[in-house]
1. Pick from the range C:229-244 the residues that are crowded, with 20+ Cβ neighbours inside 10 Å and in contact with an Asp or Glu (Cβ under 9 Å, 6 or more places away or on another chain): which of them is farthest from D:His124 (Cα to Cα)?
2. Sort through C:Gly184, C:Gly221, C:Gly197, C:Gly171 and tell me the only one that's more than 26 Å from C:Leu35 (Cα to Cα), surrounded by fewer than 24 Cβ atoms within 10 Å (Cβ to Cβ) and touching a residue at least 12 places away in the same chain (Cβ under 8 Å).
3. Where residues in the range F:51-68 are crowded, with 24+ Cβ neighbours inside 10 Å and either among the small types (Gly, Ala, Ser) or under 12 Å from E:Lys235 (Cα atoms) (or both), which of them is farthest from the other protein chains (Cβ to nearest Cβ)?
4. Confirm whether B:Asp19 is away from chain A (no Cβ under 11 Å) and either touching a strand residue (DSSP E or B) at 6+ places or on another chain (Cβ under 6 Å) or of a type in the set (A, V, I, L, M, F, W, C) (or both).
5. Take the residues in the range A:162-201 that are assigned to a strand (DSSP E or B) and of a type outside the set (Val, Ile, Thr), then tell me which one is nearest to the other protein chains (Cβ to nearest Cβ).
6. Name the single residue that is nearest to the other protein chains (Cβ to nearest Cβ) among those in the range F:131-161 being part of a loop (DSSP other than H, G, I, E, B) and surrounded by fewer than 18 Cβ atoms within 10 Å (Cβ to Cβ).
7. So B:Met207 passes all but one of these: (1) outside any strand (DSSP E or B); (2) touching a strand residue (DSSP E or B) at 6+ places or on another chain (Cβ under 9 Å); (3) within 24 Å of D:Ser137 (Cβ to Cβ). Which condition number does it fail?
8. Is it true that A:Gly38 is more than 7 Å from every other protein chain (Cβ to nearest Cβ), free of Cβ contacts under 8 Å to residues at least 40 places away in the same chain and closer than 27 Å to A:Met115 by Cα?
Protein chains: 6
Amino acid sequence: MKLRVVTPITTHGFASIVDLIAAARPDTELSHVELDHGPASIESSFDEMLAVPATVAKIIQAERDGMDAVIINCMGDPGLDAGREAVRIPVIGPCEATMHVASMLGLTFSVITVMKSLRRQFEHEARSYGLSEKMASVRAVEIPVLELEDDSERLVQMLADEAQAAIEHDGAHVMVFGCTGMIGAAAGVERELANRGYPDVPVIDSMVWAIKMAEAMADMGLRHSKMSWPFPPQKKIAGYDFLPASTALSSI
Amino acid sequence: MKLRVVTPITTHGFASIVDLIAAARPDTELSHVELDHGPASIESSFDEMLAVPATVAKIIQAERDGMDAVIINCMGDPGLDAGREAVRIPVIGPCEATMHVASMLGLTFSVITVMKSLRRQFEHEARSYGLSEKMASVRAVEIPVLELEDDSERLVQMLADEAQAAIEHDGAHVMVFGCTGMIGAAAGVERELANRGYPDVPVIDSMVWAIKMAEAMADMGLRHSKMSWPFPPQKKIAGYDFLPASTALSSI
Amino acid sequence: MKLRVVTPITTHGFASIVDLIAAARPDTELSHVELDHGPASIESSFDEMLAVPATVAKIIQAERDGMDAVIINCMGDPGLDAGREAVRIPVIGPCEATMHVASMLGLTFSVITVMKSLRRQFEHEARSYGLSEKMASVRAVEIPVLELEDDSERLVQMLADEAQAAIEHDGAHVMVFGCTGMIGAAAGVERELANRGYPDVPVIDSMVWAIKMAEAMADMGLRHSKMSWPFPPQKKIAGYDFLPASTALSSI
Amino acid sequence: MKLRVVTPITTHGFASIVDLIAAARPDTELSHVELDHGPASIESSFDEMLAVPATVAKIIQAERDGMDAVIINCMGDPGLDAGREAVRIPVIGPCEATMHVASMLGLTFSVITVMKSLRRQFEHEARSYGLSEKMASVRAVEIPVLELEDDSERLVQMLADEAQAAIEHDGAHVMVFGCTGMIGAAAGVERELANRGYPDVPVIDSMVWAIKMAEAMADMGLRHSKMSWPFPPQKKIAGYDFLPASTALSSI
Amino acid sequence: MKLRVVTPITTHGFASIVDLIAAARPDTELSHVELDHGPASIESSFDEMLAVPATVAKIIQAERDGMDAVIINCMGDPGLDAGREAVRIPVIGPCEATMHVASMLGLTFSVITVMKSLRRQFEHEARSYGLSEKMASVRAVEIPVLELEDDSERLVQMLADEAQAAIEHDGAHVMVFGCTGMIGAAAGVERELANRGYPDVPVIDSMVWAIKMAEAMADMGLRHSKMSWPFPPQKKIAGYDFLPASTALSSI
Amino acid sequence: MKLRVVTPITTHGFASIVDLIAAARPDTELSHVELDHGPASIESSFDEMLAVPATVAKIIQAERDGMDAVIINCMGDPGLDAGREAVRIPVIGPCEATMHVASMLGLTFSVITVMKSLRRQFEHEARSYGLSEKMASVRAVEIPVLELEDDSERLVQMLADEAQAAIEHDGAHVMVFGCTGMIGAAAGVERELANRGYPDVPVIDSMVWAIKMAEAMADMGLRHSKMSWPFPPQKKIAGYDFLPASTALSSI
């Protein structure tokens, strides 16, 4: 099985290929690309609009490279709709995938993300995915995305603080990481929650789960419905030269 | 009062400045721009992603030019969220504006658009704007956006056919034009519906209403809440040189 | 353009024609009437039932007088349904109009009204208009309607107190005045909120917005759908002599 | 036990005291009043506004007369909110009561009423009572209210026709009479449905059920919450001399 | 009229026949049975699954014994769906019946139950019955079911404490007993709430109301729709010898 | 990885271990058990109540046997709540798992099941899982569960007929098998739909997907939240000797 992870920002080194490969099955061949055009990080709708075109270009390239599925490495699921229109292979958004599994693992979930200003994005996504009623709250550690990795023990404590508050004040039963850059911290947060008197509260590492879903879908040959995401009509495009040149979707 | 209309495609001549000025009040100074970068028309999420960055650039420019409000000339409301983040002046999306007034003018409304494939877009918008329950159906005349103007009497008949079907089969009480390129056809469709036994069914020319809303908001000095659409954090951007150069939001 | 404002209570001087005219465009001819039959103010469903028949009589009279639109000067929107049945011209309820624009100006809004006991009314209206999910809370300054005008600086402070609480405790992003008698206080409350650290939070003067909507609808010739509000069947009525005598709807 | 039925129209003889007494328990003392002020029948919001003040006057009188509960004899539940504000004894609206029991007797229900134009009213009521999802459809026999009694065998056939259509086309599992003037026809319609191949489909005679609910509530001493329907504040009222003179609520 | 109460647990003496008869009308013949197979009490889905088969056996037996209706004496409404499939006589679940009447007696209700762990059950029931929006909260006195009767004055105080908290913190206007074992305490709690400044707040004794509903339905001959709960197909069953032997539903 | 499939009926040979193993990954050790106590098949709530206790016994046994996860082989998800209360290992219900993935693969899905009478069950499940809005319809081939295997080519045709009708009449974009006994037919139905002009419509083999989900969860060590499904309190149980004897949950 061949999976492609697209990290939809231009900052190199944000996502570690080692972490990603560790999340995949041993027999999965996982590759990783970042963007040449777009923002350094995604923390607003403005940033997202700058990330989407190049992300979709990378999704199209992944299909051409013979990938079985492609995963967008960002909880904003940037390019999910446009990407699904452009290709036939499964395109996984970690937010969509994780909100669904969180809804199965408990009656309610909270998202713990980087910045409070992302709350609108998560409420919008929960509504789009039909799961608003399950989302107890969105909380943030107030660390900008690109500073996430600096001190991982401190990050675990801050995530556990917000998770505990989500349990005690918002009625949350499951925790969802609201930034794929938090990869690797779930076990630590679960342990810390247990120490604080809350054992058996699942903490979902969103990017790891997105990879699991890609593997499961590719295993079964499942693809998204082209009735929901039909191929876009061919037409003239000005600019966006980085879109794969000979595709039916490119500029003419 | 100074209004700016942004037509978020690269096809020149799609929107007629004469039609737009006719829709505004005599004392309104209305100007119009099209895109240099983006798609020839918008009929998919793929097209939309190509339209948004340049649309937002034009929205930022409109604020710099001292406009009182800016209107996006497309029922997909492309760039509405990112544009509102980037500026303080009101940004009007004709779909949002029209779905709200349609909800006031009747118990239910139907959208009559160009292509059936846009149904997902309108359902997504109705859900985002909280008005799903009011939307009886989305119907289409199956004319590609760029061929809309060819034969306007035929267009009125086709719009009336779908409107009649929406009344008889979907329980619609109000009609909403699902493409701003249909500007000018509302009176004809109302008349035709009356001829067919359905008088007093409002047909809303979405782009005209969007201009009315911009005028009304600017009259009162109303602006969107920056708690909902805060300014995006400043950061490095690769590409997108067409974004206004010295803005707080430009690449560094 | 000719607009008629109906203040649906018998207390003279509650609404100032000066304030109303100031809210309209210079070229709008605005007239104002109060009720001869009904309650001194509206603070319950009981009061509302006493206000509706005479309000609808005034709405019918407005159409006969050649008005282009009529506005009900009360946030309970008394007589909105019956009035729309009785006439063809647009009938604007300030609560309906303002809840819709508030939904466009931010993700959530709070209503700041006179008395806590009106909460049921606003929740009922939000549900009827389909906007319950957008309404963060209903708060009250606990001043009876008829004492509103007494001390307007104190009123601004009290409105700002509740608005601040709505922001901090209820997650509100936009403020809606819950009584049309608060006309004129919006700019003061916005300023006060900015002083307290919340700039760029729109405060909507509901009655002013209702006038803007009436102007916008009349500009475009938009009217409510008679499929939603058909004319009532003609029949015998005992009492209610104040209903216009020769109307199709009067007693026989 | 003492119950009062208020028929909220001025047409005498619409409701038969014999039918009403037959619906009550043998030990229930049931009395009946009609209106002196108001419409001949209720088929619109316009009619309803004319019925409410005198209906509430009769509800207040019922409490003064020592009634244990009062029932409004109309599926529009006119005066339910204002009436509950005005008194402490239970006020039963047959539409509210019947929609709730219909939701218990099956997964979905349809309302079979007199005129299609009442659909908005029933959708409004279903939404207010929180039961919209249970209501499969509103259908009508297209007989004006005051002509209902003319030919009861024909009425049963017409009700059965609509009930059968509701089962076959709308997915309805329970039938609700949408006019209290249909009292007495339920057994006939159930029999006719069984003849047509649909046994065991409950047909609810709304006015009979409303009387049962009044008896059950009075048996237990249950009353509505004054937190939901507080007494209206006392104030000046112009007109409406028929409101009980010495009540706290009367004009001063 | 003949009613059968099924107490769906194996603990004898939990329900007092004296209390049950006191709740019924004088002319009602009420009988009572407990289970031979099942749990000592119901406080989880696990307990409920053990209670349902024998409960349904008792429901079938009730129909054979000529009962007019049967009431399940537990707020989890165990066996409501399967029981309604198995018989034609009305099967009353006290939770369903009480949530509906609570929705009529006020804008919101809270459930005061025995243990916080039952919250999921009540949320599930409110959702199934379509009344989630009316339920303000679920609160618990934290007394295990089987210890409820020990000290009834203390129980009234604890119920009043939670009711007061539901009013003050959750916005509840009506109280619902969340365990049928609380039978008899409603008047005391209402009195206590009045003492604490909250008069006119209805407190509903769920089991008493369930008996009232059974009487009302049987009075009118109302039964559940077999379109919603059709008879189960006949088939082989291994075990469950306590199911009535010759029924169409028994093992073959 | 060790998975246990519990087929919750007493009919031997309904589920083929060969099919189940084919669905799992090569390195997964999959075992299978059927019930000793319960119904021959599940086609009603009555049948389900007979299946649940023994299903939960098998789930407890699976945890004792060291399984990593357990899957209930029935689209009614019988015992999902009680089973999750009783153990810590993941318990997968194929209906819950498949409705969630179907919501990701398209905008709407339809369930194609065995008998129309199961519609209530699927609507109940969709509501419980929060996905009602995504479910376009429930359709049935009208073959009793136990006759499913007889003629698999005919089954594929009948499934394709209903799937085609779901696309054309109900607006479905994704198909979900509504009985786990349909295992193995998905590829055939997809092919047949493509032949009929509907390529790229995913058809989800629910039981295969449930196994994929169990593998994915076990891979990551994800378990359900014990805050949502706490262990049931220990108490006396009469009967049900087949429940594992020494468990904390057994009868005392």
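1. Residues of the range C:229-244 that are crowded, with 20+ Cβ neighbours inside 10 Å, as a first pass: C:229, C:232, C:235, C:237, C:239-240, C:243.
Those still in the list that are in contact with an Asp or Glu (Cβ under 9 Å, 6 or more places away or on another chain) too: C:229, C:232, C:235, C:237, C:239.
Numbers: C:Trp229: 13, C:Pro232: 17, C:Lys235: 24, C:Ile237: 25, C:Gly239: 27 Å.
Step by step, filter the range C:229-244, then rank; the result is C:Gly239.
2. C:Gly171
3. F:Ala62
4. No: the conditions fail for B:Asp19.
5. The extreme case among them is A:Met175.
6. Only one residue tops the list, namely F:Pro144.
7. All conditions are met except number (3).
8. On the way: more than 7 Å from every other protein chain (Cβ to nearest Cβ): no; free of Cβ contacts under 8 Å to residues at least 40 places away in the same chain: yes; closer than 27 Å to A:Met115 by Cα: yes.
It is false that A:Gly38 is more than 7 Å from every other protein chain (Cβ to nearest Cβ), free of Cβ contacts under 8 Å to residues at least 40 places away in the same chain and closer than 27 Å to A:Met115 by Cα.
The values are calculated or read from the model by the stated rules, or taken from the named source; none is laboratory data. From a predicted model like this one, the values you see are computed outputs, not experimental measurements. Don't worry about glycine lacking a Cβ; one is built from the backbone with ideal geometry, like all the others, and counts go over all protein chains shown.
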